[in-house]
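Quick notes on the structure that follows.
The values are calculated or read from the model by the stated rules, or taken from the named source; none is laboratory data. Source: prediction; values computed, not measured. Ideal geometry is used to build each Cβ from the backbone, glycine not excepted, and the neighbour counts take in all protein chains shown. The accessibility values were calculated without ligands, DNA or RNA, using every heavy atom of the protein model including side chains. Shrake-Rupley method; radii C 1.70, N 1.55, O 1.52, S 1.80 Å.
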Amino acid sequence: MKMCAQDIEFTLIRGDRKTADIVIERSGDVIVRAPNEIDDGRVRQAVADRALWVHRSLAEWESLNSSRRTRPIAQGQGFAYLGRSYRLRFVDSAKAPLTLKNGRWELCEKFAADAGEAGARKAFRDFYMEKGRKIFGERVAHFAPKVGVSAGEIAVKELGYHWASCGTGGALNFHWKTLMAPQTVIDYIVVHELCHLRYRDHSDAFWNEVDKVLPNFRQRKNWLREKGASLDI
Ligand SMILES: [Zn+2]
């Protein structure tokens, strides 16, 4: 439900929970989660009480997202993979439309001419998804026993403004864009999602669990917050 308090437009999601919680999503939307039994007036009051924080966070979101841009598919343009930027080179003939070889992206010129800009971007997404299935499979297998959970199916796909999500039966989904982040940040995303298999919320108990497995997770979490908007092709 869309609501407003103190010039702050937000989406209210009620649920079976004890406390209210306000977050700024990566899309810039303000989401308020509140217990079922709290009435609208108290929800608005809770948002009004934190208006200063919300306005400050929204201003910060604006500045972090000013760096968001799409990169032209052009010779010499850098595209990231696992935290490093590699330059793009067009090649005459290639077995696959796009490969990462000898420290360069190699895009088949004929493919690029036929498929166009949209097709070339899809080739990047396909590359990240294919590598991602292997990498996330390995990292989930590595960290699941440390968290004490067993994960279900793992998928790498387009998740809009979410880096990851978990579904029924321990299924884990990861955004293909995370493959542009350093491995340490990918590990944080994996541990974060595995801990959600034990705690569905972002309670203290949840963060304690993350901390137990990755004691330096805050640095990685900050990296994602600061650089996340730049993870794009
Ligand atoms: Zn989470």
With a 1.4 Å probe and all protein chains left in place, how much of the accessible area of region 1-160 comes from carbon and sulfur atoms, in whole percent?
48
Dividing the alpha-carbon Rg of the chain by 2.2 N^0.38 Å yields what?
1.16
How large is Rg over Rh for region 127-197, taking Rg from the Cα atoms and Rh as the Kirkwood inverse mean of 1/r across Cα pairs?
0.92
Which one of Gln77, Thr11, Leu197 has its Cα pushed farthest toward the positive end of the charge dipole of the chain, where Lys and Arg give +1 and Asp and Glu give -1 at the Cβ?
Gln77
Alpha carbon convex hull of region 167-221, projected area averaged over orientations, nm²
3.9
What is the list of residues in region 9-28 whose amide nitrogen lies under 17 Å from a point 7 angstrom out from the Cα of His55, following Cα to Cβ?
9-10
Between Gln77 and Glu158, 0.36 nm times their residue separation minus their Cα-Cα distance comes to what?
26.9 nm
Residues of type lysines that Lys122 reaches as a straight line, Cα spacing below 23 Å, ignoring anything fewer than 8 places off in the same chain:
Lys95, Lys101, Lys110, Lys131, Lys134, Lys157, Lys177, Lys227
Using unit Cβ charges (K, R positive; D, E negative) and no other charged atoms, how large, in debye to the nearest 20, is the dipole of region 78-230 about its Cα centre?
340
Based solely on its DSSP helices, what 222 nm [θ] is calculated for the chain when runs of n ≥ 4 H residues each add -39,500 (n - 2.57) and the sum is averaged over all residues, nearest 500 deg cm²/dmol?
-14000 deg cm²/dmol
Heavy-atom surface of the chain, accessible at 1.4 Å and reported per residue (Å²)
55
Roughly how many whole Å is it from the C-alpha centroid of region 21-62 to that of region 158-233?
22
How big is the accessible area of Trp61 in square angstrom, nearest 10, if you roll a 1.4 angstrom probe over the protein chains?
70
Student exercise, region 100-170 dipole from Lys, Arg, Asp, Glu Cβ charges, in Debye to nearest 20:
240
Taking only Cα atoms of region 35-113, what ratio of Rg to Rh do you get with Rh as the Kirkwood inverse-distance radius?
1.38
Relative contact order of region 2-65, please, whole-number percent, based on alpha carbon pairs below 8 angstrom and at least 6 residues apart.
31
Determine the percent antiparallel among the DSSP beta bridges restricted to region 78-230, to the nearest 5.
55
